[in-house]
1. Alpha carbon centre of segment 448-471 versus segment 35-56: separation in Å?
2. For segment 219-298, place one equal point scatterer on every Cα, skip the solvent, and apply the Debye formula. What is log10 of I(q)/I(0) at q = 0.21 Å⁻¹?
3. Going by a ≥ b ≥ c, the root eigenvalues of the Cα gyration tensor, does segment 212-254 fall in the rounded group (a/c under 1.5), the prolate group (a/b larger than b/c) or the oblate group?
4. Ignoring everything but the protein chains, give the 1.4 Å probe accessible area of Val290 in square angstrom, nearest 10.
5. Between segment 134-149 and segment 212-248, how far is it from one alpha carbon centroid to the other, in angstrom?
6. Under the rule that a partner needs its Cβ under 4.7 Å from the first Cβ, which Cys of the chain have none?
7. Leaving ligands, DNA and RNA out of it, rank Thr383, Thr216 by accessible area with a 1.4 Å probe, largest first.
8. If you take every residue apart from Ala163 with its C-beta less than 15 Å away from the C-beta of Ala163, what net charge results, scoring Lys and Arg +1 and Asp and Glu -1?
Amino acid sequence: MEKSINVHYSFIFTIILVLVTTLQTVYAGNPYRYYTWKITYGNIYPLGVKQQGILINGQFPGPQIDCVTNDNLIISVYNYLSEPFLISWNGIQQRRNSWQDGVYGSTCPILPGKNFTYTLQAKDQIGSYFYFPSLAMHKAAGGYGAIRVYSRPRIPVPFAPPAHDFTVLAGDLYKRSHRQLKYILDSGHDLPLPDGLIINGRGWNGYTFTVDQGKTYRFRISNVGIATSINFRIQGHTMKLVEVEGSHTLQTTYTSLDIHLGQSYSVLVTANQPPKDYYVVVSSRFTTRVLTTTAVLHYSNSWTKVSGPPPGGPTTQINWSLYQARSIRWNLTASGPRPNPQGSYHYGLIKPSRTIMLANSAPYINGKQRYAVNSVSYTDPDTPLKLADHFNIGGVFNLGSISDQPYNGNAYIGTPVMSANFRSYVEIIFQNWENTVQSWHIDGYSFFVVGMDGGQWTPSSRAHYNLRDTIARCTVQVYPKSWTAIYMALDNVGMWNIRSENWSRRYLGQQFYLRVYSPANSWRDELPIPKNAILCGKARGHRTRPL
């Protein structure tokens, strides 16, 4: 009997040892970077008036994350606000790990006075991204910052190392507080035009980029606003596009660049002009009143300040922007995060097994402005979807509660979750019948933008797809009364947010979740629930895991 007990305990010990070893080696062999962030309110003055901003370690924008492909990021977030808080990581794919995505569909909020430690990995990624607060209208108050994922030292980059690497976090801003904006939306109204634009948290000529004459610099530009597309340009200088959200591009030269909500671009700029100061200009696109702000490109040997009006840019021209978007192509000879060329993945030779068409709309429901996808306007349940799925909690959501195709009936409020199979290959059509530019983001993935055009998408539209060298990215625009088509390999198990990057539209329902499911129930396909996962709603009382 004693021998049997000893064998039993020995077996249990072996199982525990295997589990511990497995967990320790999930991210083993790659460097760890540790961060501690304190989230507080603070006064900011970007538009010349005092506003309450959301600061990280006293900074607006927040601290920049610099890492290398496959680095592990351990980020401890302490919430000193008076309301729940979450951070999401725009473009970081969270491979096998939607637990860390930082949106309410996958994660319980960090309550006031509490903390949570995110464990992320920039798995098989390079490029320019950003993080942001995902709850309510917090993004309108700050709490965002840049993420730069560099290539590993031995993997060649298709351009010479720049003299410096600048971050440009640009976007719109309201003078109203995030609480006032939330009240407007909760009252059933859309938001007015923003009050202004900012660059790196500063207003007109409030930020300076210093360069040496003759040297080349990298600018990583992200549109972190909540309402408007922007155009970026530098007076007297051209920009060579080299990277879009993790894809090295053909190095096309532009005088200005449209950047839609949630998008990120990298350009090279050579300081080859006479030594003086030049405007760095950001202006709004497709708005009734053009908003403009500037920073300064300062030559280190300059004694001449900027003066006069900044150079103008495009305003409401749709075709101009569409043609520019189509001109952005993948560099098929460049390496990505791995040594093999980006173009070695022949996305255009794979036939999608499923076509999903998503149509945005702006219905009034119960007398209030809402926004919808395929006639379903999303509302958050009391329990994050990922937790309800993991613990088999009923009454939170139903799979298939959003159709693959637009629904012509009356719009309604629900919690739409679309089901999808792991390792399937899908075609998604974003169909926009409204008069506004849409910007769509998909968490957990990078997808191939195979086509965009005006009018109604039909199967014959596939004849004009780019099946050879389109870029892979995570956020794409859809022009007014137009469509955009993407191909996407569903190779990342989890519960993933598909959303409008226009924050009032997302807040009022233009989003849903895609549940990518593997029946294997294996850590090879998806990591286990984190031990420190916050449990809320109907998930309270459940247990995460013992190790």
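1. The distance from the Cα centre of segment 448-471 to that of segment 35-56 comes to 42 Å.
2. -1.00
3. oblate
4. We get 70 Å² for Val290.
5. Here the answer is 19 Å between Cα centres.
6. Isolated Cys, the chain: Cys67, Cys474.
7. Values: Thr383 0, Thr216 45 Å².
Result, largest first: Thr216, Thr383.
8. Values: positive: Lys215, Arg218, Arg220, Lys240; negative: Asp165, Asp212.
Residues near Ala163 contribute +2 overall.
The values are calculated or read from the model by the stated rules, or taken from the named source; none is laboratory data. Everything numeric here is computed off the predicted structure, so don't read it as measured data. In this analysis, Cβ positions are derived from the backbone assuming ideal geometry, glycine residues included, and neighbour counts consider all displayed protein chains. Each accessible area value is taken on the protein alone, full model and side chains, heavy atoms only, with ligands, DNA and RNA left out. Shrake-Rupley method; radii C 1.70, N 1.55, O 1.52, S 1.80 Å.
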